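Participant: One structure, pasted below without further comment.
Derivation of every value follows stated rules applied to the coordinates shown; laboratory data play no part. The structure presented is a predicted model; accordingly, all values stated were derived computationally and were not measured. Positions of Cβ are generated from backbone atoms using ideal geometry, with glycine treated the same way; all protein chains shown enter the neighbour counts.
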Ligand SMILES: Nc1ncnc2c1ncn2[C@@H]1O[C@H](COP(=O)(O)OP(=O)(O)O)[C@@H](O)[C@H]1O
Ligand SMILES: [Mg+2]
């Protein structure tokens, strides 16, 4: 194609810079525009193979947003190309994400941090271990309260290992077609073995829980059995993590299949204080705020709840009187969160097995 405005061309580094900026700002549309410009630039330089490859990549991107999704993860644009799909419904069984967190970004108790660091270290040094006939712990079970960091810890382990995070979508895996669920699981594991990654079977209770209550349900039982079998023989450079909020309901047979079980507890006062501090770092804290006292009043809430309190208060400040967050703003956002938690738990105090419902509307309004 003849271009009539050569003066408007950007240099490759300029368009790359735009691409990076759009990525970091979570500007999905800007990212696509910058990517197209970049490709255009390659074509102009007669790099047709590169341009075609990038174009294919962009097309396989499927409109996935670069912005962090509901689960706070950033989709990996190149990762959606060959993920397995459910045959009947043509839905992806796995979503690929680019880890943005490291273990140091998380607030964890000492024991949990040590275990996660050891898991990362063993997998980093897998070759060394194999030389001595040993193998890293790569079949991991994460248990604990919702909002206490199971998903983000899987992301952080992927971040530590510089591997993509593959999130298995259980709603997609469990099919109503006879035999299709087991076939889907096999596809997921085949994919997980195809190259090193951290594969997260998130909220995997979808299987374990139903097995306990619907013992007679043949299909579910078959799924659990094939899951166990595949996991048992799982030898790969991939780290497989299963996460559950309902460890009490899991079949004891499941537990033995894992190399490591990690428990995620509600944060203690010191951890809450640290979470508040980190989440308010950007906006700043008014000298009249005593984060230590505030944190002690928030014991019983999850990491996610505390994070929401900090973010809510920061947002209120931005909208009303821009400046460091005040005691009043924090008090109001804490009260709103307590109400939300109460509504989500049906008026009860949080229990490990109470599934929190995240309401779309703010129940306080
Ligand atoms: N240990 C933690 N340190 C820092 N932030 C956390 C931690 N745990 C949870 N969060 C925050 O809460 C949100 C929900 O956490 P998540 O890992 O999805 O919880 P879970 O998977 O246990 O339900 C995350 O997006 C993260 O920002
Ligand atoms: Mg989770």
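Participant: Taking each pair of different alpha-carbon atoms in segment 7-59 once, compute 1/r for the pair, average those values, and report the inverse of that mean as the Kirkwood hydrodynamic radius in Å to one decimal.
Facilitator: 11.1
Participant: A further question follows. Take the alpha carbon atoms of segment 269-344, find their radius of gyration, then divide it by 2.2 N^0.38 Å using N residues; give the quotient. Show your work: numbers first, answer last.
Facilitator: Values: Rg = 11.2 Å, N = 76, 2.2 N^0.38 = 11.4 Å.
Output field value: 0.98.
Participant: Kindly put 256, 336 in sequence by how many other C-beta atoms sit within 10 Å of each C-beta, fewest to most.
Facilitator: Ranking 256, 336 by Cβ neighbours within 10 Å, fewest first, gives 256, 336.
Participant: Further question on the same structure: With a 10 Å Cβ neighbour count serving as the proxy for reagent exposure, in which order, fewest first, do 122, 29 appear?
Facilitator: On the way: 122 19, 29 11.
Exposure proxy ranking, most exposed first: 29, 122.
Participant: Apply the Kirkwood formula to segment 122-180: the hydrodynamic radius equals the inverse of the mean of 1/r over all pairs of different alpha-carbon atoms; give it in Å with one decimal.
Facilitator: Evaluated over segment 122-180, this radius sits at 14.2 Å.
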